[in-house]
1. Can you bin every Cα-Cα distance in segment 41-154 into 10 Å intervals starting at zero and give me the percent of pairs per bin, rounded to whole numbers?
2. Quick check: from the Cα gyration tensor, does segment 261-300 come out rounded (a/c under 1.5), prolate or oblate?
3. Compute the length gained on full extension between residue 92 and residue 325: take 0.36 nm times their separation in residues and subtract their Cα-Cα distance, giving the result in nm to one decimal.
4. What number in nm² do you get for segment 226-289 if you take the convex hull of its Cα atoms and divide its surface by four?
5. Quick one: what do you get for segment 68-118 if you divide its Cα Rg by 2.2 N^0.38 Å?
6. Using a Förster radius of 51 Å, what is the FRET efficiency between residue 102 and residue 145 based on their Cβ-Cβ separation? Nearest 0.05, please.
7. Length gain on complete extension for the stretch residue 294 to residue 43, per 0.36 nm per residue less the alpha carbon to alpha carbon distance?
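Any read-out appearing in this document is the output of simple, stated calculations on the displayed coordinates, not a laboratory observation. Since we're looking at a predicted model, the values are computed, not measured. Here the Cβ positions follow ideal geometry from the backbone for every residue, glycine too, while neighbour counts run over all protein chains shown.
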């Protein structure tokens, strides 16, 4: 009986994936085949500019990570490599955000940041970035609805955004202003949970609460984090605009903002890795609805996703390897030397130096 829920979850996931492929991916691929003749007319310089904007977006996200990790100082190069490794995992695992966050948590902890601070920083980064995206979408909707009319997709995305922001606000109030009540509830739950100690659970909760209060009370930090989150989304959206323009059509700014916001908000639903198929299936038709030619919209979106989704996978794998080995890795030189030498010789007497240690 214990296997039934797992089997059902897998079945539902497969059905959702099949629906995404059937109704979102295949129609776009069919449209792309019909528009292949447009590839020869693409503006290479604009495409290269789109790649540059995407790289700038990734770097802005690394600056956001550094901002929420303050006062812990981690080199920008290490933060960028950790983010790339995290992104690579999230792009290949269905619902991969959790797996990517787990890897990011481990790598940042190995960089010397206390685990409780890592958890708060990653949560603040993820939720704060999502809030900025929803605000971005709402601004686009306020401009576009009077000009272009209403769509049921707008309601879905707006409701998801309201639920997210409401949850975040309630959580912040609970932790920062209702800590004692929350601690009592937490201890009561921990008391009836196997392998969980009340005192340990309370200690972790208070550490998280203290760190969250520090973050929310530092106005300059919050402004910096919000600015870098906005830069990340805006540069990514600008990259999309440039890729569509490279195929001969300049989409309206408000139309692109709405399409981009809708696609990324709906991609947060954990059906496919980082919204693969969902993003493409929402973006292209929405851009067409705002006046972009169908072939141009499809090729522009596919070109952008090549840089936005696919290229970070090998780049993230290389970044992870560079974090594990080499002079710039997270492992200290003495740890690498110990791993290279293998296990210690149990035959050596305690306090006696081995021959290799005494060699010049």
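1. Result, from short to long distances: 12, 33, 28, 20, 6, 0 percent.
2. prolate
3. 81.6 nm is the gain from fully extending residue 92 to residue 325.
4. Working: hull surface 18.4 nm².
The Cα convex hull of segment 226-289, projected and averaged over all directions, gives 4.6 nm².
5. Rounded to two decimals, the normalised Rg is 1.12.
6. So, using R0 = 51 Å, E works out to roughly 0.85.
7. 88.6 nm
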